[in-house]
């Protein structure tokens, strides 16, 4: 058994193998890498073989729907390219050719975050050139506002190790190290950078007090390039994304350059030092399945300094990409109640926790002015096309109920435009923390100063079918009476709670009225 790896078979369930060593293995379909797993870390023992235990790893869930047909499948060591399995395999119905592509025909692969996305391995040279153009545009924009930015993370690794983007990567990352050494000053500087870039016309999406995204359009495609801020203090480097390690200033400044597809890109003075603390001492050996574990102390520090409170944000972002390929579900019965209330009051609707926006879109199509607000508004971008094409009165905005800065800013915005409103909150309060529930009540007290109604529904967890798993989104715990109490304390003048059955799981529906102040 060469090098301690022997792959028994590849079938509908995944890969079965014997592994005496823990190595990253690439799975290739018709010669193209689509997935990488570690032979022991990512597998589980399933049987006792003649010489050693047989192990198994299941296909990534996102890939399963694509695995229907026949293809040549190889399993090879990432570092050496040594092939440990090579056969033509029939999966699913076995009819036709297996194609791991999206609806636009772009080839997909599992990236470093475990998402099935258009990785660089499946992109044309023209696509890569557009990406590099976007990267250079973002770097120049940052330089124009005084930021000494450099390529970072996977983009830096590809440039230094291979001189090109990593085939398993799917985006470009930038970083910079502030000349400030206090996190408060670093955060203030980050917001100043954002304002100056916005004044130049760039679209900026903020991730935290120390990181944001620049949207750059090149070659007809808009890309979001993440910009991770950092600083040096008392011999430590703190760089969002997330690094908190002993480091020397001369390893960053003055910036040097590295070649990426023939283009000179700015990099830290000693890029290998940053790569070592990011990917470990073995960074020179390819590992598309590398997993970076952030020490709890570093996570707490970044939370305290820059992130504020963003509970479960990674969970919600993971829900976005799979949702984009699915058709929108039908609007909810609660949206129909909201329509009746809005027409009676001559009110706009604030759909808080809009999710995929099916209720917002339906209400706008009925002629009601709607603002769809969500913790992860990227899940609502698909509404912008229909809204523009149909001339719908629909706006999408970001709202984090657990971030007081964002909450009060958004609440103040609507409070300064007094008018009757209907606040729609379907399965919002059972998908957020108690702090988020309190934030919602405060937001309602600001948004409804001119009067209006809150319509909220929460699942009755105690009445879930015993065989039904609690949905992944149901991270909060509340009930109708608790919601009613929060809204009453926030200023609601009349509150009603009703148990609702019918379609789907049972819910408590809360209707709360606000009088004009």
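The values are calculated or read from the model by the stated rules, or taken from the named source; none is laboratory data. The shown structure was predicted, so the numbers you read here are calculated from the model rather than taken from an experiment. Here the Cβ positions follow ideal geometry from the backbone for every residue, glycine too, while neighbour counts run over all protein chains shown.
Quick notes
- Residue within segment 458-469 that is in the same structural domain as residue 341 (by TED's automatic domain parsing), modelled with pLDDT of 90 or more and touching a helix residue (DSSP H, G or I) at 6+ places or on another chain (Cβ under 8 Å) present: yes
- Any hit, segment 103-121, residues being in a helix (DSSP H, G or I) and at pLDDT below 95: yes
- Here segment 415-436 is the region considered, the condition is being more than 21 Å from the chain's Cα centre (by Cα) and surrounded by fewer than 22 Cβ atoms within 10 Å (Cβ to Cβ), and the residue that is nearest to residue 347 (Cα to Cα) is 420.
- Evaluated against (1) touching a residue at least 60 places away in the same chain (Cβ under 8 Å); (2) not in a loop (DSSP other than H, G, I, E, B), residue 47 falls short on exactly one condition, (1).
- Qualifying positions in segment 430-454 - touching a helix residue (DSSP H, G or I) at 6+ places or on another chain (Cβ under 7 Å) and either part of a helix (DSSP H, G or I) or free of Cβ contacts under 8 Å to residues at least 60 places away in the same chain (or both): 437, 438, 439, 441, 442, 443, 444, 446, 447
- Enumeration of residues in segment 404-417 that are out of contact with any helix residue (DSSP H, G or I) (no Cβ under 8 Å at 6 or more places or on another chain) and in contact (Cβ under 8 Å) with a residue 40 or more places away in the chain: 405
- Where strands (runs of 3 or more DSSP E) sit wholly within segment 170-258, those with at least 1 residues that are free of Cβ contacts under 8 Å to residues at least 40 places away in the same chain and under 29 Å from residue 404 (Cα atoms) occupy 203-208, 211-218.
- Test result for residue 131, modelled with pLDDT of 90 or more and either in contact with a strand residue (DSSP E or B) (Cβ under 8 Å, 6 or more places away or on another chain) or not assigned by TED's automatic domain parsing to the domain that holds residue 267 (or both): no
- Count of residues meeting criterion [under 17 Å from residue 425 (Cβ atoms) and without any contact (Cβ under 8 Å) to a residue 24 or more places away in the chain] in segment 495-517: 5
- Residue in segment 165-183 that is modelled with pLDDT under 95 and surrounded by fewer than 16 Cβ atoms within 10 Å (Cβ to Cβ) present: no
- Entry remark, segment 10-21: residues being in a strand (DSSP E or B) and more than 34 Å from the chain's Cα centre (by Cα) number 1 in total.
- Within segment 345-361, the set of residues being within 23 Å of the chain's Cα centre (by Cα), over 14 Å from residue 457 (Cβ atoms) and not in a helix (DSSP H, G or I) comprises 356, 357.
- Scan segment 251-301 for residues that are under 25 Å from residue 143 (Cα atoms) and in contact with a strand residue (DSSP E or B) (Cβ under 9 Å, 6 or more places away or on another chain) and the total you get is 19.
- Every condition in (1) over 22 Å from residue 102 (Cβ atoms); (2) surrounded by fewer than 14 Cβ atoms within 10 Å (Cβ to Cβ) holds for residue 61 except the one numbered (1).
- Looking across segment 197-206, the residues that are within 19 Å of residue 134 (Cβ to Cβ) and either modelled with pLDDT of 90 or more or exposed (fewer than 14 other Cβ atoms within 10 Å of the Cβ) (or both) come down to 197, 198, 200, 201, 202, 203.
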